[in-house]
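Each value in this text was obtained by applying a stated rule to the coordinates, not by laboratory testing. Worth saying up front: this structure is predicted, and the values here are computed from it rather than measured. Positions of Cβ are backbone-derived with ideal geometry, glycine not excepted, and every protein chain shown enters the neighbour counts.
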Ligand SMILES: [Zn+2]
């Protein structure tokens, strides 16, 4: 089943990911889409989108222009909409360049001439006249009728599908299989450890899944596999016998690639490093470590990522996972209604009723959801913290002894926040001591410490003996607002980044 949505790209990321920011555009069964054809199926949608491009929308007396910025989806969906062949075992399987399968197998890092509007249009015309595909294009994309959209450049990649359910999942499974062959641990032990491992904070909802013993791929969905890659050392690092082992070094490179591809921001100078150093060294080492793990099209798509980062910005903002919530809505709906006579109609009707219901409230209500609030009293605190708060002269401020939410993120005392990178090997982190507010201003009083990068394991260790100064920061000024899960591992306080931190 295919369904499309409008998405408002100039909203802040935390608002964009909300389910109310995504609206159903159309719903159609994939088999019907293929049988009837894109032209007829998308006719009304294209008419509406053209009208929006022409006339925009009226907002507070002003006309706001509207256009389709990107099409999001997994590769199969993108190829279906974009007029590309949907077989990834065919000769041309890349929508970004015209590489052949044979060249891709020889070296997935090679990228050929990029797709251009002129070449795409020529191929689409040829495919229409001959009845067979031309360089992987079998039909024109209906969305090309729009002023600012073209299938050769607006079908963006999805990190979740390409990496965490694709290339990284297969390669990580191969790396683990190598460790098992070396008899460092067994699948039984690894899965026992996964079962016992207690994920904390934002990791707790995406606990890694068991790893199948066939060594083919990791066992979870995209975010579970991402968590597995991040927390692998914490789960079974004590069994790694040699941190100079090629398999372990390949894992560290994979982890670093993952941190770059998931970064909410990056510097342009990072891109040549990823493209010319990290990716080539990863694939070079991969040949030695994983000679039997097949190179697939998704490995080649990853080779395009540095260029795509420059073209589209941080890739994490264009992945498809926030849309999974919407899928969940429809899956639950079908389970509850048990009406399979016309599922598309049932889903579309109920979704619109839900939309009407949610429209009664503001789309994005006040984000500071407080729990219990108390008058702030420095006297109730001890030692240096009490002195620090007294020095701030916070008369009339309140404190929150338990959880408070800001911009959809929950905070509680003892959470660790990443403040800034001191240099390539060290971060400043703050442990949340007191949450204070005056009116709608939410501030955090943090105890600052250093965290040092341990290159051999690819994680950071909090230096518990470092300064311990206190600072007060506004919640809205945090560059990295999501609390960082920290794990006590063999006497050390360690954490694994979700993404690179800008220096
Ligand atoms: Zn390509």
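Among 135, 192, the ranking by other beta carbons within 10 Å of each residue's beta carbon, starting with the fewest, stands as 192, 135. Per residue, the average separation of C-alpha pairs within less than 8 Å and at least 6 apart gives the chain a relative contact order of 13 percent. At full extension, residue 277 and residue 467 could sit 64.8 nm farther apart than now, given 0.36 nm per residue minus the alpha carbon distance. Taking the three principal axes of the alpha carbon atoms in the stretch 103-227, the coordinate ranges are 59, 35, 23 Å, sorted in descending order. If R0 is taken as 60 Å, the Cβ-Cβ distance between residue 292 and residue 60 corresponds to a FRET efficiency of 0.50.
To the nearest µm²/s, what D does Stokes-Einstein give for the stretch 437-503 at 4 °C and 1.567 mPa s, using the Kirkwood radius over alpha carbon pairs as Rh? Using the Kirkwood radius from Cα pairs, D works out to 94 µm²/s. Principal-axis analysis of the Cα atoms of the chain puts helix 43-55 at an angle of about 60° to the longest axis.
In this simple spin-label approximation, residue 216 and residue 269 carry label points 7 Å from Cα along the Cα→Cβ vector, and these lie 4.5 nm apart. The Stokes-Einstein estimate for the stretch 347-503, based on a Kirkwood radius over Cα pairs and taken at 25 °C with 0.890 mPa s viscosity, is a diffusion coefficient of 139 µm²/s.
Each residue, residue 122 and residue 48, gets one label point 7 Å from its Cα in the Cβ direction; the gap between the two is 3.7 nm.
With contacts taken as Cα pairs under 8 Å at a separation of at least 6 residues, the stretch 259-411 carries a relative contact order of 19 percent.
Extension gain, residue 129 to residue 36, is 31.6 nm, computed as 0.36 nm per intervening residue step minus the present C-alpha separation.
Here 294, 91 are placed in order of increasing Cβ neighbour count within 10 Å, fewest first, which gives 294, 91. One equal scatterer on each Cα of the stretch 223-363, no solvent, Debye formula: the resulting log10 I(q)/I(0) at q = 0.19 Å⁻¹ is -1.14. Here the stretch 228-300 has an Rg and Dmax of 13.5, 38 Å, counting Cα atoms alone.
Packing here is the average count of other Cβ atoms within 10 Å per residue, and on that basis the peptides 402-413, 332-343, 468-479, highest first, run 402-413, 468-479, 332-343. Going by neighbour counts of Cβ atoms within 10 Å, the residues 164, 148, 312, 282 line up, fewest first, as 148, 312, 282, 164. Against the main long axis of the alpha-carbon atoms of the chain, helix 187-196 sits at an angle near 60°. A crude spin-label estimate for the pair residue 474 and residue 325, with each label 7 Å from Cα along the Cβ direction, gives 2.5 nm. When the P(r) of the chain is calculated, the portion above 36 Å amounts to 41% of the C-alpha pairs. Angle of helix 324-337 to the longest C-alpha principal axis of the chain, folded into 0 to 90 degrees and rounded to 10: 80°.
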